[in-house]
Each structure stands twice: as structure tokens, then as C-alpha cells.
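Colleague: Here you go, one structure.
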Amino acid sequence: MIKPYNIRLLLIFGLFLCSFVTVWGQRDSVAKQPVTSRKTYEPAPVVPFRDTLFFINAGIGTFSPKDRAMSIAEKIRNMSKDVSFNADSLNIIADGGYIEIAYRDLIIMTITENDAKITGKKQLVLAQECEKLINDAIIQRQKEMGWKNILLRILIVSLIVVAQYFLIRLINILFRKISERVEQLKGKIIKTVKIKSFVLMDEEKTTKYILFLIRLLRYLIILLTLYLSIPLAFSVFPATKNLANILFGYILLPIKSFFSSIISFIPDLISIIVIILVFRYLIKMFRFFADEIEKKRLTIKGFYPDWAFPTFNIIRILLFAFMFVLIFPLLPNSDSEIFKGVSVFIGVIFTLGSSSVVTNVVSGLVLTYMRPFKVGDRIKIGELIGNVVEKTPLVTRIRTPKNEEVTIPNSTIMSAQTFNYSHSARTYGLILHTKLTFGYETSWRKIHELLLEAAKRTPDVLEKPKPFVLQTALDDFYAEYQLNVYIKDADKMPRIYTAMYQNIMDVFHEAGIEIMSPHYLAHRDGNKTMMPDAFLPEDYQAPPFHMKVEK
């Protein structure tokens, strides 16, 4: 029978044995894991001359891929300087886990299993590819640096220079002929440039301007040929070939970018054209309706013919604004910061500088639909009387009876009283009136009769409605009368007033009634009457002075 303490010893020994086996197994598994470097590098290009031959992806020991690439490139450059270089001298040597590419006794590069693993190729295949690339690069380099090639390149550059010289001479001769031809065309095809009656440039100035543009074009063409010939000469020599590519790129890249932008813009351009055509025909349609309404061939209840084109202009502005909103996102670089900055700047300038303009435009719009006057109407604004000759969204122009043309902002008209004489004359007859005063010794019935007779004699005064007389005041020395007549043509107001005043004088003088200040008449004694001699009797004598002497 096993004792209890022996059982405990067995259990402790078993646990110890299990722990020892577990730790030893883990030690073996760790020991069997391959040791790898956690350090990673970026691929380094091998560039012995101008072009990259291949990339080094892994390091060896303390050598990083970059160090290996620089060492290999330096060795290739030294090999290219060997005039006795032979491609058969390049060898591939397998040494253990490495494969080396050697030239005679010089090891150019070593290819490890890690290099092959990264590229996904076998070591030998990778070595053969690298050997071929090195061999081709050295042979090409030696060909380029041979004295025959150098002489050939010098000859090509000389030919380029000579060709450029003759090309410049040819350009000069061609443009000289063009300039002479322009001189011959002066006065025939090249004439004075006018904008209506304004002479912008006479024949001499026009010819000089054209010759200046021709000279400028000649210089630009010469500079362009020089710019193209210099990179062409640089491209002959391997050392300056990259510089030639850069110079060509300054021209070719913008041209390529330009045409590429045009091609990519074609779908948007088609959309823009379609939008413009749609809005163009919409505007034509609204213009047709406006023209029909203005000519009264189409009537809309409550819509006046003179509203037609102002309304059309408002609709056209709104359509243009909507069209711009649709087109703007389709424009090239519309989302660029510069484009946005310019748009904001224009908006700020418009906002800050257009407050008075907007006020006048709104006032002009209100005046259009209020219809206080039309073009041709005789109106009075404040103290100004004249005919409306032009209405614009900003101002209204009026020509006075003295042919003075006055420009009034629409906002000023909105804040002033406006009298429309022409509308009153056309609708129900405009009343012209004048005020006269006579003493109480003359019967008011007689004065009424004479004033109506004067109105009857006045041309352009309407018989219906009839003229009428109003008595407007009874003062200390006289009674005040007002003659009122109807007319249909407000433009004749000054002439009608003149004729009416003349007829009033004739009628009253014929009746022997003076049109004189009652103040003077009441105190006159022994003075001749103020009527013209033609209206006085032949035996008329001035009354005597009356004197009274008190004792």
C-alpha cells in the first residue's frame, strides 16, 4: 500500500517533469525559427549613366540597398572606360548560396537568395538579366563616347546652326516682301478705320500698326525657331540630352495639356452649346410675344402694350442669369480658388458701387408699371417742363421748349411730383387758364362776355367742352377773373397761351376797356388812357386835371 506522502512526491515529480518537457519543447521551436532582419529598405536604382538599369531591393550585412546600388554603378562606370572591354569577360560565378557577376578579377555585384525572393525570380535568372543589362549599357556607352560618334555629332550640330542661319534669312526675306506688299495696299485695301463718324485711325496709322504687328510676328517666329533648334542641338550629345528633353517639355507639355483640356472639355462644351441654343430660342419666343403685344396684334386683359418690352427685358435678364448659373459649373477651372476669388471680388465691387444704380433701376422699373408718362408726353417735374425723349432703366431724358435736354435720375422722379399734360389732353382735354383783374366800375357780365370772345378767337381751343370763366376773388380795388379753355395738343401750350393773351388784349381794347392796374386807374387824373391809339376815337383828348382850392 502506497503511503500518502509517497503519493504527494509522485505528483510533485510528475508536475516537474511536465513543466520541464514543455519548456524544453518551446526552446527547441524557438531555436528552429530562422533569424530574419526586421529592418526594411526602399528599392535603390542602379544609374551608372543616364538611365536606370535595375533596382537593388535588399541589403547584405551592413550594406544597405542604396550603398550596394552606388557601388555597382561606380564599378560599371569604371568598366566603360576600359577600351579593351569585351562582353565575354563578364562571368557569372556561383559561390555557396550566392551568385556573383564578375569582370575578370573584379566582382561587380552579388545576388543573394533574398534578392531573388523579392523579385520572384530564381537567382541564376536574375543574375543573367542583370549581366545582360550591364553588358548592353557599357557597349552603348562606349559607342556614344567613340571619336567617330563625337565627330558625327559635331557635324550634325554644325548643320543645325547653318540651317538655322538660312532659316532666319528666309524668314526675314519673306516678311520683307509682306511689308512691301502692305505698303502697296495702303489706300486701296488698307483704309481709314472709322466708328460711325469718329476716325479711329487714318490710313497712315493703320499701315504703321499693321507693319508693327508683322515685325512682332517675325520676331516671335525667329525666337520660336531658335528655341526649337537649341534643344535639337542639345539632344545630339548624350550629356545634354536630358536638358533638351526639359526644353522641349516647356513647349510640348503646355501644348499637350492644352489639347488634352480641349478634348476633355468637349462634352461640357456640347452641354453649354445646347443650353445656349435653348435659351436663345426661349428669348426669341418671348421677344415675338412682346412685339405682338406692343403692336396690339395680341391683347392681354390688364396688360398694356407699353409694358411689353420692359417686361421682356426683365424676363431676358432673368433668363440670362439662369443660363449663367447652369453654364458656370461647366466652365474650365470654375472650381479653382482663383476663379472663386475673382467672382467674390466682382461681387464685392458690384455690391459696394451699385447702391445708387440699383435704386435708379428699381425706380425705373416702378415708373414703367406705374405709367405716369410715355415717350413724347409733355410733362412737368418740379419746376421743369418738357417732352420725354427717352426712358432708360437708370434715367429719363426731357427736352424743354427751349431745346434743352435734361437728364433726370429715375430715383429723383420717384420722389417728385409729376404732371402729365399730354395724357390729360388726350383723355379729357387739358384746361389752360389765365388770371385777370378789373375794377368794380366794369360789369362782370361784360368781362365774362369779352373773355369768352377772346377764347373763341384763339386757335386750337376746343369748342366742346366750352370755355368758361370763374371769378376767384373780390379784392379792395378789383375783382379777379379766371379764363379756362380746353385743348387737345399739350405741345402747343406756349403758342396757345400767346394767342389767347393777344386776343384778350384786342377784345378788351375794342370794347374800350383798359387792362390796367386798378390802383393806378383809381388815382389817375388828367392822364391819357393806356389803350393803343388804334383803338381810341379820332377826337379823343386826355381828360383835364381837376384841382380844388380851399380858402
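The values are calculated or read from the model by the stated rules, or taken from the named source; none is laboratory data. Please read these numbers as outputs of a predicted model, since none were measured by experiment. All Cβ positions, even for glycine, are placed from backbone atoms using ideal geometry, and neighbour counts span all protein chains on display.
Colleague: When region 431-467 is examined, which residues are found to be under 16 Å from Val507 (Cα atoms), among the aromatic types (Phe, Trp, Tyr) and surrounded by fewer than 17 Cβ atoms within 10 Å (Cβ to Cβ)?
Modeller: Passing the criteria: only Trp444.
Colleague: Same structure again: Hey, among Phe265, Phe289, which residue is without any contact (Cβ under 8 Å) to a residue 24 or more places away in the chain and surrounded by 11 or more Cβ atoms within 10 Å (Cβ to Cβ)?
Modeller: Every option except Phe289 fails the conditions.
Colleague: Here is a list of conditions, (1) surrounded by 13 or more Cβ atoms within 10 Å (Cβ to Cβ); (2) among the hydrophobic types (A, V, I, L, M, F, W, C); (3) at pLDDT 85 or above, and Leu228 meets all of them except one; can you say which number that is?
Modeller: So Leu228 meets the others, but not (3).
Colleague: Run down Lys284, Lys301, Lys256, Lys296 and say which single residue is among the basic types (Lys, Arg), more than 21 Å from the chain's Cα centre (by Cα) and on the phi > 0 side of the Ramachandran plot.
Modeller: On inspection, the qualifying residue turns out to be Lys296.
Colleague: Can you say whether Arg287 is farther than 30 Å from Arg50 by Cα and not assigned by TED's automatic domain parsing to the domain that holds Phe175, as far as the supplied structure shows?
Modeller: Against the criterion (farther than 30 Å from Arg50 by Cα and not assigned by TED's automatic domain parsing to the domain that holds Phe175), Arg287 qualifies.
Colleague: Ok, one more. Going through region 189-213 one residue at a time, which ones are within 16 Å of Ser179 (Cβ to Cβ), without any contact (Cβ under 8 Å) to a residue 24 or more places away in the chain and among the hydrophobic types (A, V, I, L, M, F, W, C)?
Modeller: Those that are within 16 Å of Ser179 (Cβ to Cβ), without any contact (Cβ under 8 Å) to a residue 24 or more places away in the chain and among the hydrophobic types (A, V, I, L, M, F, W, C): Ile189, Ile190, Phe212, Leu213.
Colleague: Would you be able to tell me the number of residues in region 148-185 that are loosely packed, with under 10 Cβ neighbours inside 10 Å and in contact with a Phe, Trp or Tyr (Cβ under 9 Å, 6 or more places away or on another chain)?
Modeller: 0
Colleague: Also, I was wondering about something else. Got at least one residue in region 194-213 being of a type in the set (S, T, N, Q) and surrounded by 15 or more Cβ atoms within 10 Å (Cβ to Cβ)?
Modeller: Within region 194-213 (the criterion being of a type in the set (S, T, N, Q) and surrounded by 15 or more Cβ atoms within 10 Å (Cβ to Cβ)), the answer is yes, since at least one residue qualifies.
Colleague: Also, I was wondering about something else. For Ala542, state whether it is small (Gly, Ala, Ser) and modelled with pLDDT of 80 or more.
Modeller: In short, no.
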